[in-house]
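Novice: Okay, here's the structure, questions in a sec.
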Ligand code: GUN
Ligand code: ZN
């Protein structure tokens, strides 16, 4: 049997009913799976668990909190430098900032340098897994997944498909884009901890032939992910409806081309009706809720109440560079604001435990990776963060007064940032 090691600290994890389990004085025991990858072997209260592991070396981290690594359900690797670009909404933002930035990823040296910075930044913020857009250049996927492979990070990414309504430099060619996608699936999907996502940018940037080809690939490779954008902005919704008049709604376009299924993740999902929500539920697709982006670009407010009423899957995402921060704390706080404002009145008060779940175990469930990442239950891969709840004077003051788990988690969500991330462990 492989050697075990253990960490003693406060430990946060999640039960199957989404509630948090918190051990004030906990023990996390780590072993390795058949491939030698670190996995959680045991977790619980130190007092009840320690005797079961005699001789196992224990690292004691008093005052720290061990929690599952965060999962970012939707982020754009080439948009790190786009953060904070102001525009009058999504479409001018794409045209004036995003497409020019992404065109630079034709240069492999640029893509390589950006991949290093991007992964440094994700990990520095405690994000141990992500579902990421690359650019339309196949080499941008190689740059990102190659760097993730070197670091042992569980990352899923895809080459963007955009064969129309896109400027020179980012527009691809229909047939070649599908050949490139299949080549990349074969090169990367299931290699080490990496996954591939078929990535139509959004329906307005894809011809019918390109969407049809993407749908065929999604059927041929059922465990490959699909990612796109939908119903983010009212002008975009109107444009999509004009381009695809035969589809019932913007979301239904993706269904009509075979792109709605388990492991399909749609960013935003704001301007939905109940039929759209029911389509999300019946197909098993999930929403990547991106509140800092939606607030920054003035796109609208995700309807948490509507999603829970109909019952489709969703999780949290930064959507950098429409989103303004890599920090899961900032994203959770923005999700709270969006819930308070709400599409329905009065707004909802998302609980701190539910916000945290959406960025860890809930995001894993949306990806079909429940029990693999996003939690610290036995069998989960050992991706975790060590948090310092006293990272700033105000946090120290506030967390020391917390009288419940909800108060502790809320203090971190409202006041926390990368300064709280003391250490990040990757299961590699
Ligand atoms: N819709 C199409 N492309 C994009 C993008 O890069 N960011 C966002 N937020 N929405 C999009
Ligand atoms: Zn996006």
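Novice: Checking the condition at pLDDT 95 or above, within 13 Å of ligand 2 (Cβ to nearest atom), part of a loop (DSSP other than H, G, I, E, B) and closer than 27 Å to residue 95 by Cα, which residue from 318, 325 passes?
Specialist: None of the others qualify; the one that does is 318.
Novice: Identify all residues within region 92-123 that are within 23 Å of the chain's Cα centre (by Cα) and within 11 Å of ligand 1 (Cβ to nearest atom); write none if there are none.
Specialist: If the condition is that a residue be within 23 Å of the chain's Cα centre (by Cα) and within 11 Å of ligand 1 (Cβ to nearest atom), then 93, 94, 97, 98, 99, 101, 102 are the ones that fit.
Novice: Identify, from the list 121, 102, the residue that is touching a residue at least 60 places away in the same chain (Cβ under 8 Å) and buried (at least 24 other Cβ atoms within 10 Å of the Cβ).
Specialist: When all the criteria are applied, what remains is 102.
Novice: Which condition breaks for residue 85 when tested against (1) under 26 Å from residue 116 (Cα atoms); (2) in a loop (DSSP other than H, G, I, E, B); (3) more than 16 Å from ligand 2 (Cβ to nearest atom)?
Specialist: The one condition residue 85 does not meet is (3).
Novice: Follow-up question, since we're still on this one. Could you list, in sequence order, the residues of region 160-194 that are closer than 30 Å to residue 425 by Cβ, part of a loop (DSSP other than H, G, I, E, B) and touching a helix residue (DSSP H, G or I) at 6+ places or on another chain (Cβ under 8 Å)?
Specialist: 191, 192, 193, 194
Novice: May I ask you to list the residues in region 272-296 that are within 13 Å of ligand 1 (Cβ to nearest atom), crowded, with 24+ Cβ neighbours inside 10 Å and touching a residue at least 40 places away in the same chain (Cβ under 8 Å)?
Specialist: 288, 289, 290, 291, 292, 294
Novice: Can you find a residue in region 36-46 that is without any contact (Cβ under 8 Å) to a residue 12 or more places away in the chain, part of a loop (DSSP other than H, G, I, E, B) and farther than 26 Å from residue 352 by Cα?
Specialist: Checking region 36-46: not a single residue is without any contact (Cβ under 8 Å) to a residue 12 or more places away in the chain, part of a loop (DSSP other than H, G, I, E, B) and farther than 26 Å from residue 352 by Cα.
Novice: From 122, 144, grab the single residue that is assigned to a helix (DSSP H, G or I) and in contact with a helix residue (DSSP H, G or I) (Cβ under 9 Å, 6 or more places away or on another chain).
Specialist: 144
Novice: OK, next. Picking from 27, 61, which residue would you name as being assigned to a strand (DSSP E or B) and without any contact (Cβ under 8 Å) to a residue 40 or more places away in the chain?
Specialist: Selected residue: 27, the only one of 27, 61 that is assigned to a strand (DSSP E or B) and without any contact (Cβ under 8 Å) to a residue 40 or more places away in the chain.
Novice: Would you mind listing the helices (runs of 4 or more DSSP H) fully within region 334-423 where at least 2 residues are within 22 Å of residue 38 (Cα to Cα) and under 19 Å from the mean Cα position of the chain (by Cα)?
Specialist: Fully inside region 334-423 and qualifying: 361-366.
Novice: Sticking with this one: Filter region 149-180 down to the residues that are away from ligand 1 (no atom under 15 Å from the Cβ) and under 20 Å from residue 99 (Cβ atoms), then identify the one that is surrounded by the most Cβ atoms within 10 Å (Cβ to Cβ).
Specialist: Looking at residues that are away from ligand 1 (no atom under 15 Å from the Cβ) and under 20 Å from residue 99 (Cβ atoms), I get 177.
Novice: Restricting attention to region 137-148, which residues are under 25 Å from residue 204 (Cβ atoms), without any contact (Cβ under 8 Å) to a residue 60 or more places away in the chain and surrounded by 24 or more Cβ atoms within 10 Å (Cβ to Cβ)?
Specialist: Scanning region 137-148 gives 137, 141.
Novice: Only one residue in 419, 343 is surrounded by fewer than 17 Cβ atoms within 10 Å (Cβ to Cβ) and either at pLDDT below 95 or farther than 29 Å from residue 225 by Cβ (or both), so which one is that?
Specialist: Criteria check complete, one pass: 419.
Novice: When region 195-223 is examined, which residues are found to be crowded, with 23+ Cβ neighbours inside 10 Å and not in a helix (DSSP H, G or I)?
Specialist: The answer is 195, 196, 197, 198, 199, 200, 201, 202, 206.
Novice: Follow-up. Could you check, for region 125-132, whether at least one of its residues is outside any loop (DSSP other than H, G, I, E, B), within 13 Å of ligand 2 (Cβ to nearest atom) and within 30 Å of residue 24 (Cα to Cα)?
Specialist: Yes, the conditions are met somewhere in region 125-132.
Novice: So which residues in region 207-238 are within 14 Å of ligand 1 (Cβ to nearest atom), free of Cβ contacts under 8 Å to residues at least 40 places away in the same chain and in contact with a helix residue (DSSP H, G or I) (Cβ under 6 Å, 6 or more places away or on another chain)?
Specialist: Across region 207-238, the qualifying residues are 230, 237.
Novice: Here's another thing I want to ask about it. Looking only at residues that are within 15 Å of ligand 2 (Cβ to nearest atom) and in a loop (DSSP other than H, G, I, E, B) in region 299-315, which one is nearest to the chain's Cα centre (by Cα)?
Specialist: 302
Novice: Would you please name the residue that is farthest from residue 389 (Cα to Cα), looking only at residues in region 64-82 that are part of a strand (DSSP E or B) and within 12 Å of ligand 1 (Cβ to nearest atom)?
Specialist: The qualifying residue farthest from residue 389 (Cα to Cα) is 76.
Novice: Please specify each residue of region 252-271 satisfying the condition of being in a loop (DSSP other than H, G, I, E, B) and within 16 Å of ligand 1 (Cβ to nearest atom).
Specialist: 259, 269, 270, 271
The values are calculated or read from the model by the stated rules, or taken from the named source; none is laboratory data. The structure presented is a predicted model; accordingly, all values stated were derived computationally and were not measured. Cβ: placed from backbone, ideal geometry, glycine included. Neighbour counts: every protein chain shown.
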